[in-house]
Amino acid sequence: EYAIEAQGLIKTYAATKTTPAKLALNGIDLKIPRGSIFGLLGPNGAGKSTFINILAGLTRKSAGTVKIWGRDIDERPRDARAAIGVVPQELAADVFFTPRESLNVQAGMYGVPKAERRTAELLNAMGLGDKADAYVRQLSGGMKRRLMVAKAMVHNPPVLILDEPTAGVDVELRRQLWNYVVGLNQLGVTIVLTTHYLEEAQELCDQIAIINRGEVAACEPTSTLLRRL
Ligand code: ADP
Ligand code: ADP
């Protein structure tokens, strides 16, 4: 069994008054192994966010099948969604909360019982232990990003998805975030990330799928892929 399995995945965005219909995913077949750090690499407009949005339940697919941790998103949508945490590109604007409150609100939304919440543990794992009761607006950019990761993990999903985790982030912060992501993977979390930085995929990922024009152009272990590029 895989962490994520997509077969013949197709997405067409409907035409609007001002835009023509757009085939964003043109038959994606992907098997993402459990325990891996898997990179979806590709240029802007390739379809990476569309793929992730379908996994997250934010966008409806047009055709094909998707399983998350063995759970078909059509047959068991709630179970499938419970198996992933998603870190969006944008920083959250929960400026009136503290990190502890922010995680508790998120846990509440996911229906995690109070007794099962691991707020302190998660904040410690993301290097935010001593900021638990500061206001989020007082945190640095790097801390806010780590808080986003912690929020995505409140329901303890086996798969964490990061959409362009370091877009527009400086080199130092990028390295720091990578370390935390690797740390989570070492705790057993399967990581899927999109990026358009080859360097990021190279540094972090065991396996890389190159997405281009809505298709998988290549999918290989990082070492063999890089030898060919
Ligand atoms: P990437 O994340 O790789 O940059 P996207 O998944 O955002 O690619 O976009 C894939 C294609 O689908 C692009 O041509 C984009 O303009 C189009 N697209 C994305 N979202 C929408 C949408 N909500 N409506 C219409 N077209 C969209
Ligand atoms: P990315 O940085 O992943 O490429 P974009 O900047 O392309 O994302 O898209 C940002 C948001 O706009 C996304 O929610 C996407 O679905 C939406 N979007 C992208 N392209 C289009 C489009 N052609 N028409 C409508 N919405 C779009």
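The table that follows gives values for the structure above.
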{"quantity": "Answer residue from region 15-25, given it is within 8 Å of ligand 1 (Cβ to nearest atom) and free of Cβ contacts under 8 Å to residues at least 12 places away in the same chain and is most open to solvent (accessible area, probe 1.4 Å) among those", "calculated": "LYS22"}
{"quantity": "Residue list for region 203-217, filter: more than 16 Å from ligand 2 (Cβ to nearest atom) and closer than 13 Å to PHE38 by Cβ", "calculated": "LEU204, CYS205, ASP206, GLN207, ILE208, VAL216"}
{"quantity": "Within region 37-55, considering residues that are within 14 Å of ILE68 (Cα to Cα) and of a type outside the set (Phe, Trp, Tyr), the one most open to solvent (accessible area, probe 1.4 Å)", "calculated": "ASN53"}
{"quantity": "Among the candidates THR224, THR190, THR119, THR195, residue that is farther than 21 Å from PRO99 by Cβ, open to solvent by 10 Å² or more (accessible area, probe 1.4 Å) and either of a type in the set (Val, Ile, Thr) or in contact with an Asp or Glu (Cβ under 7 Å, 6 or more places away or on another chain) (or both)", "calculated": "THR224"}
{"quantity": "Only one of ILE84, ILE10, ILE28 that is under 23 Å from GLN186 (Cα atoms) and at pLDDT 95 or above", "calculated": "ILE84"}
{"quantity": "The listed residue being touching a strand residue (DSSP E or B) at 6+ places or on another chain (Cβ under 6 Å), away from ligand 2 (no atom under 12 Å from the Cβ) and open to solvent by 40 Å² or more (accessible area, probe 1.4 Å), out of ILE10, ILE68, ILE32, ILE28", "calculated": "ILE10"}
{"quantity": "Residue check, ALA218 outside any helix (DSSP H, G or I) and surrounded by fewer than 21 Cβ atoms within 10 Å (Cβ to Cβ)", "calculated": "yes"}
{"quantity": "Any hit, region 44-59, residues being more than 9 Å from ligand 2 (Cβ to nearest atom), of a type in the set (A, V, I, L, M, F, W, C), part of a strand (DSSP E or B) and in contact (Cβ under 8 Å) with a residue 12 or more places away in the chain", "calculated": "no"}
{"quantity": "Residue within region 66-86 that is part of a strand (DSSP E or B) and among the small types (Gly, Ala, Ser) present", "calculated": "yes"}
{"quantity": "Number of the condition not met by GLY168 [criteria: (1) open to solvent by 10 Å² or more (accessible area, probe 1.4 Å); (2) more than 22 Å from ILE28 (Cα to Cα); (3) outside any helix (DSSP H, G or I); (4) away from ligand 2 (no atom under 16 Å from the Cβ)]", "calculated": "(4)"}
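The values are calculated or read from the model by the stated rules, or taken from the named source; none is laboratory data. Computed from a prediction, not measured in an experiment: that's the story for all the values here. Heads up, the Cβs are rebuilt from the backbone with ideal geometry, glycines too, and the neighbour counts pull from every protein chain shown. Only protein heavy atoms, including side chains, enter the accessible area calculation; ligands, DNA and RNA are left aside. Shrake-Rupley method; radii C 1.70, N 1.55, O 1.52, S 1.80 Å.
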